[in-house]
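Please treat every number below as a calculation from the coordinates, not as lab data. What you see is a predicted model; the values in this text were computed from it and never measured. Note that we place each Cβ from the backbone using ideal geometry, even for glycine, and neighbour counts take in every protein chain shown.
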Amino acid sequence: MNVPPHKPLVYIISAPSGSGKSTLVNELLKKVSDLEFSISYTTRAPRGSETNGRQYYFVSRAEFEKMIAEDAFLEHAEVFGNYYGTARCFLQKAEQHGRDLLLDIDVQGAKQIQDKVPDATSIFILPPNRKILEERLRKRSEDADEVIERRLVTASREIENYQRYNYILVNDQLEDSIKLLRAIVRGERLLRTGRTLSAEEAKIVAMGDCCRLANVGERLQPILASFRSSGNPRGNSLP
Ligand code: 5GP
């Protein structure tokens with residue numbers, strides 16, 4: 001269990017802004033060993049206490065475009081008017097270190113990774129409903145009203161891509177969500193060992209299974225409805 005297979009497992013986590021993804025990712029990294037966070041490159045300015053090389057590598061548009069030309073990215077996308085990208089070298093590094101890789105990327109990036117790394121495990125984090133997402137965005141008090149409005153519209157669009165993900169995690173109670181996320185990651189590792197699992201290990205897999213796309217239908221419908229009923233277009237998912 002402690003030694004992952006040499007070929008790194010790739011975990012993709014996407015979520016609308018304000019879903020609590022960063023907190024969940026940080027907690028996951030504390031609790032699960034041998035999991036590396038892929039630090040993305042971005043052209044957006046650092047926020048608050050963010051530092052270069054920790055949350056992101058902050059680069060200019062010219063530097064980013066040079067990296068695109070050099071084919072340095074495994075995926076890249078434009079989000080809220082800025083470039084974001086995952087450098088290829090992170091996957092190679094994870095492989096060398098015998099560790100798994102965690103990507104915190106948007107739905108456009110997730111699609112590119114799914115095409116290139118088809119056995120990647122993808123997890124979509126959802127807020128319990130639109131109203132709660134709006135409250136969380138307002139509580140952060142980071143953004144002006146029109147930015148919040150734009151984030152909510154983007155969230156409605158992103159959410160329509162949920163079917164592309166292997167697991168859906170509704171982030172209602174933080175402690176429960178952390179446990180579920182950890183179970184998903186550990187469960188995938190266990191399943192890929194291909195060996196017979198102990199009762200304890202099977203419990204971990206079963207816990208993660210609760211969040212599999214096929215098992216969340218009923219829970220999901222009211223959440224999707226809360227976003228669709230606020231006048232947001234349906235069928236706006238990626239091609
Ligand atoms: P923020 O600016 O709030 O940190 O991130 C904005 C969005 O960009 C989030 O949805 C985040 O997941 C996404 N993002 C961060 N890094 C990458 C990346 O390397 N590639 C892509 N495609 N999206 C990213």
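Across region 10-228, Cα pairs under 8 Å and at least six residues apart give a relative contact order of 25 percent. For ARG54, put the label point 7 Å out on the Cα→Cβ axis and report which residues of region 132-161 keep their amide N under 17 Å from it. No residue qualifies, since no backbone N sits under 17 Å from the label point.
Exposed loop GluC sites (Glu not before Pro) only (DSSP loop, at most 15 other Cβ atoms within 10 Å): please give the longest stretch of the chain free of them, not including the sites.
Numbers: sites that count: GLU50, GLU70, GLU142.
My reading of the result: 143-239 is the longest stretch.
Among beta bridges from DSSP that stay inside the chain, the antiparallel ones total about 30%. Close Lys pairs in region 1-127, defined as Cα atoms under 18 Å apart and 8 or more places apart or on different chains, number 5. What aspartates and glutamates does LYS203 reach when the alpha-carbon gap must be under 13 Å and sequence neighbours fewer than 8 apart in one chain are set aside? Straight-line reach from LYS203, under 13 Å: GLU188. Is region 54-104 rounded, prolate or oblate when judged by the Cα gyration tensor, a ≥ b ≥ c being the square roots of its eigenvalues, rounded requiring a/c under 1.5 and prolate requiring a/b larger than b/c? Cα axes put region 54-104 in the prolate bin. Cβ-Cβ distance of MET207 and GLU70, R₀ of 41 Å, FRET efficiency by 1/(1 + (r/R0)^6): the value works out to about 0.45. Dividing the alpha-carbon radius of gyration of region 29-141 by the rule-of-thumb value 2.2 N^0.38 Å gives 1.16. Taken one residue at a time, the phi angles of region 151-159 give Karplus couplings (6.51, -1.76, 1.60, θ = phi - 60°) of 5, 5, 5, 4, 4, 4, 6, 4, 4 Hz. Gly and Pro are set to x. Beyond 32 Å, how much of the Cα-Cα pair distribution for the chain remains, as a whole percent? Result: 19 percent of Cα pairs exceed 32 Å.
Here the sum of -39500 (n - 2.57) over DSSP H runs of 4 or more residues, divided by the residues of the chain, equals -14000 deg cm²/dmol at 222 nm, to the nearest 500. The loop-placed trypsin sites (Lys or Arg not before Pro) in region 1-77, going by DSSP, that have at most 16 neighbouring Cβ atoms within 10 Å of their Cβ come out as ARG44, ARG47, ARG54. For ASP119 and ASP143, the FRET efficiency from 1/(1 + (r/R0)^6), where r spans their Cβ atoms and R0 equals 45 Å, is about 0.80. Looking at the square roots a ≥ b ≥ c of the eigenvalues of the Cα gyration tensor of region 1-95, which shape do they give, rounded for a/c under 1.5, prolate if a/b is larger than b/c, or oblate? It is oblate, given that a/c is not under 1.5 and a/b is not larger than b/c.
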